[in-house]
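The values are calculated or read from the model by the stated rules, or taken from the named source; none is laboratory data. Fair warning: this is a prediction, and the values are worked out from it, not measured in the lab. No Cβ is skipped: glycine too gets one built from the backbone with ideal geometry, and neighbour counts run over all protein chains shown.
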């Protein structure tokens, strides 16, 4: 239970962090809020982006890069937390407009992280927990893209169909972390659906009022896809 808790802390942190050395990336929160990220030699800095004037300073946080195993794999550490070393993997996708981030092997020491990675490689469920961050150009593109309230039935069905493909990953993750709660698994599915909507030209982070069940009331295929239980087969 402790390891799944630590892993989820890292995943939540990296929804709002990571970058490429001496470059700037951005992440989105679920409410459309943005975080600006800069990666330096041995530290990752991230700063809340305030869209309007505020009497409160922007929140700033850091993550330490303890060791660069290679260009795509780092051992990182969240300061002031015990046992918060982990492996971070990064991949540039979609012509470099998006960086895909994975966090694995939360451990008490950097040596433990490196040993686990050396001996085991990445876990079977490695793609399940990846998060995305974006270039400034991609952020502008997303901000001008339609939100969920304008999604077509074809887009909704295609985004929901990702559940079949990730069922083996969900099963493998649950087997490794049997104390995982259902809401945590559904959150992984939700993030994967968001990624598919981005690929289809939508902004899943846009603050809009929507209800797919109302938007597609009477469409049996869409309603079934929206409401059918998640499968691990």
Among (1) within 20 Å of the chain's Cα centre (by Cα); (2) surrounded by fewer than 20 Cβ atoms within 10 Å (Cβ to Cβ); (3) modelled with pLDDT under 95, residue 101 falls short only on (2)
Every listed condition ((1) surrounded by 14 or more Cβ atoms within 10 Å (Cβ to Cβ); (2) within 15 Å of the chain's Cα centre (by Cα)) holds for residue 186 save (1)
For this session: Report yes if residue 90 is surrounded by 15 or more Cβ atoms within 10 Å (Cβ to Cβ), under 17 Å from the mean Cα position of the chain (by Cα) and either modelled with pLDDT of 85 or more or more than 19 Å from residue 134 (Cα to Cα) (or both), otherwise no.
Result: yes
request  = With respect to residue 69, determine if the residue is closer than 27 Å to residue 111 by Cβ, in contact with a helix residue (DSSP H, G or I) (Cβ under 8 Å, 6 or more places away or on another chain), surrounded by fewer than 19 Cβ atoms within 10 Å (Cβ to Cβ) and at pLDDT 90 or above.
outcome  = yes
Among the residues of region 124-173, the number that are surrounded by fewer than 18 Cβ atoms within 10 Å (Cβ to Cβ) and touching a strand residue (DSSP E or B) at 6+ places or on another chain (Cβ under 7 Å) is 2
Residue 163 - would you say it is farther than 30 Å from residue 70 by Cα, at pLDDT below 95 and assigned by TED's automatic domain parsing to the domain that holds residue 189? yes
